[in-house]
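J.: Below: one structure in structure tokens.
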Amino acid sequence: MPRRTRPRAPCALALLALVAALGGPPAAAARAPDAPSGGPPAASPSAQPGAPPDDAAGPPAEGRPVVSPVQRPDERDAPQRACSFALPACVHAPAEVPGAALLESLAHLEAAMRAYDALGLPRPLPDGALGGSPSYDLYLERGPRRGPARVGHDLRAIGERFDAASAFAVIAAPGRGGCASASDAAYALGHAVAVRLDAGAEEGALAMAASYLAAIAAPCAAEELAAIDAFQRAPERALTGAALGALDGALLFPWYLDDAYGTGTPAQVAMSLLAIAAQSTPAGAARFHAEPDTFDALRASLRARGKDLDDLLLEFAIARAFLGSRSDGAHLSDAERLGDFGRVRFEWSLPYATLPRRVAPLRPIEPTGATYLWLDLSAENAGDRPDLAAAEITFVADWELPALFRWAIVKVDRQGAEAGRVEVAGIFGSTRAQRTVVGLDGLSGLLLVGVNAGSMIRSRPFDPDDAPFMPHAYTVWLSK
């Protein structure tokens, strides 16, 4: 490819929106959770104090391959081509794909590019003569939509100071109406914008950014609700556990970053993190140099505000509990539209009268994953409770080495609004947290939120390139 000058990203990439934001996340309010009672049998963590850390050693994580595992289709397999007269965008298709489908996909691609232009995002890196022109190339497959899109990148651009690459994608040709095709095109273009900013970004971060951009440029309720529902049903998963190609519910994380720390323009924070984390890989390397990654950029930006990454992870985990039909808009704007698809899964719902109880999760928690328990204080589940004004709840959590868990006990009033919270900080070197909560009068329940903040080994902070991640279990003891 010819030598090109890397343009400066136009959305204040040098000054991350996190640093410019005012204040912290808004106060919480939501409809009271009503998860069903019951759950897995109680079990205590298998690891014992003094057990050897299972992620304390080993070589640093490697980045994604420099050579994309997805290759461009041959021109002979996609002889049809339609290009925009106004924008650098082209769509290719096999001879069997109707011309109308080709033009429909081009319209979707143009609409997404105009949306990203309006957000101030850079366009995909020109690819020289690949695909027949320097324009971004979208390839269509014959037949119905059978699975995720296949997104790929070309070799690193020559002459760029940081790792940057042009990109392409292979998606299904538009079918009978619906918004899936427009969402696929926006996702593919969002991926291309992301690899222009940081070609070596971890796969989970690229999937998260492309999903969020697609949700902005081409809203598709059918796709978004399914992705968010799957994400909320498995809160124990790492935020960066998604594979490239399909809309992923982890788009809630950059959505939350924009909502809580952004300056008003969507996608600023997520794309700024990609630009800040850009690296330069030595020539001839088989894999991208993976440091710094987007979470390193996030840590540095939070440090300037006097916060840690585990603080942010806990705040986001709490916000996830107040989405959809549990939301009143105070934790994440416009989240009510998610309805029941936005409700996070609770591990346990415990009536107050059944205390004391010791419980454990159904599945262990991956780094950056979260877990939720509900203590029901409503009259019908309180039994012969004493006056809650004088009552107190003792919370004790134990977890496996070498994870560091952070916990919050959120008070939820009878209208479903957050009436206060008690955060229980994780202590490096300790696998136990304990707190007593008072002032229960007027509450419908206590929401217990835990998040696996990564390893307690300070020299091994969470790295998204360490996938597959080692999950860890816990037990929680509640007594009155």
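J.: May I ask you to list the residues of segment 104-133 whose amide nitrogen lies under 14 Å from a point 7 Å from Cα along the Cα→beta-carbon direction of CYS83?
T.: Within reach of a label on CYS83: 126-133.
J.: Additional query: May I ask you to give the percent of accessible area on the chain that is carbon plus sulfur, with a probe radius of 1.4 Å?
T.: Carbon-and-sulfur percentage of accessible area, whole number: 55.
J.: When the chain is fully extended, how far beyond the present Cα-Cα distance does ALA230 get from ASP328, taking 0.36 nm per residue of separation?
T.: 33.1 nm
J.: Which values, in whole Å and largest first, are the semi-axes of the equivalent ellipsoid of segment 251-304 obtained as the square root of 5 times each eigenvalue of the Cα gyration tensor?
T.: With the √(5λ) rule applied to segment 251-304, the semi-axes are 26, 12, 9 Å.
J.: Report, in degrees rounded to the nearest 10, the 0 to 90 angle that the Cα long axis of helix 252-261 makes with the longest principal axis of the chain.
T.: Tilt of helix 252-261: around 80 degrees.
J.: Using only helices, what value at 222 nm comes out for the chain when you add -39,500 (n - 2.57) per DSSP H run of length 4 or more and divide by the total residues, to the nearest 500 deg cm²/dmol?
T.: -7000 deg cm²/dmol
J.: Now for a separate question. Above 22 angstrom, tally the Cα pairs of segment 303-373 and express them as a % of all pairs, no decimals.
T.: Roughly 39 percent, once rounded to a whole number.
J.: Now for a separate question. Between ARG458 and LEU103, what FRET efficiency follows from the Cβ-Cβ distance if R0 is 51 Å, with the result rounded to 0.05?
T.: 0.35
J.: Eigenvalues of the Cα gyration tensor times 5, then square-rooted: what semi-axes does that give for the chain, in whole angstrom, largest first?
T.: 43, 24, 19
J.: What length, rounded to one decimal in nm, is gained on full extension from GLU96 through to ASP340, with 0.36 nm per residue of separation minus their alpha-carbon distance?
T.: 83.7 nm is the gain from fully extending GLU96 to ASP340.
J.: Sticking with this structure for a sec: Would you please classify the overall shape of segment 124-273 from the alpha carbon gyration tensor, given that a ≥ b ≥ c denote the square roots of the eigenvalues, rounded means a/c under 1.5, and beyond that prolate means a/b larger than b/c while oblate covers the rest?
T.: The shape class here is oblate.
J.: Which whole number of Å³ per residue matches the convex hull of the alpha-carbon atoms in segment 142-211?
T.: Considering the Cα atoms of segment 142-211, their hull volume per residue is 80 Å³.
J.: Then there is this: Please give the net charge around CYS90, taking every other residue with its beta carbon less than 11 angstrom from that of CYS90, where Lys and Arg add +1 and Asp and Glu add -1.
T.: -2
J.: Relative to the Cα centre, what is the charge dipole magnitude of the chain, using +1 at the beta carbon of each Lys and Arg, -1 at the beta carbon of each Asp and Glu, and rounding to the nearest 20 debye?
T.: It works out to roughly 420 debye.
J.: Indicate the gyration tensor shape class of segment 195-251 (rounded, prolate or oblate), computed on the Cα atoms with a ≥ b ≥ c the square roots of the eigenvalues: a/c under 1.5 is rounded; otherwise a/b larger than b/c is prolate and the rest oblate.
T.: Since a/c reaches 1.5 but b/c is at least a/b, the shape of segment 195-251 is classed as oblate.
J.: Measuring with a 1.4 Å probe in the full set of protein chains, what accessible area per residue, in whole Å², belongs to the chain?
T.: That works out to 40 Å² per residue.
J.: What is the Cα centroid distance between segment 158-212 and segment 385-461, reported in whole angstrom?
T.: 39 Å
J.: How far apart, in nm, are the 7 Å Cα→Cβ label points at ASP117 and ARG145?
T.: The modelled label-to-label distance comes out at 2.6 nm.
J.: What nm value, rounded to one decimal, do you get for the distance between GLU291 and SER133 when each label is placed 7 Å out toward the C-beta?
T.: Each label point is offset 7 Å from its Cα along the Cβ direction, giving 4.4 nm.
J.: Once a ≥ b ≥ c are taken as the square roots of the eigenvalues of the Cα gyration tensor of segment 421-480, is the result rounded (a/c under 1.5), prolate (a/b larger than b/c) or oblate (a/b not larger than b/c)?
T.: Prolate, because a/c is 1.5 or more and a/b exceeds b/c.
J.: Relative to the compact-globule scaling 2.2 N^0.38 Å, provide the ratio for the alpha-carbon radius of gyration of segment 348-480.
T.: 1.12
J.: Normalising by the residue count of the chain, find the relative contact order in percent from Cα pairs under 8 Å and 6+ residues apart.
T.: 20 percent
J.: For the pair ALA389 and ARG76, how long in nm is the line joining their label points, each one 7 Å along Cα→Cβ?
T.: 8.6 nm
J.: Could you work out the percent of alpha carbon pairs in segment 64-139 separated by over 16 Å, rounded to a whole number?
T.: 54 percent
The values are calculated or read from the model by the stated rules, or taken from the named source; none is laboratory data. Here the structure is a predicted model, which is why all the values come from computation and not from measurement. Counting neighbours? That spans all protein chains shown, and the Cβs are built from the backbone with ideal geometry, glycine included. Accessible surface is based on the protein model in full, side chains and every heavy atom, while ligands, DNA and RNA are left aside. Shrake-Rupley method; radii C 1.70, N 1.55, O 1.52, S 1.80 Å.
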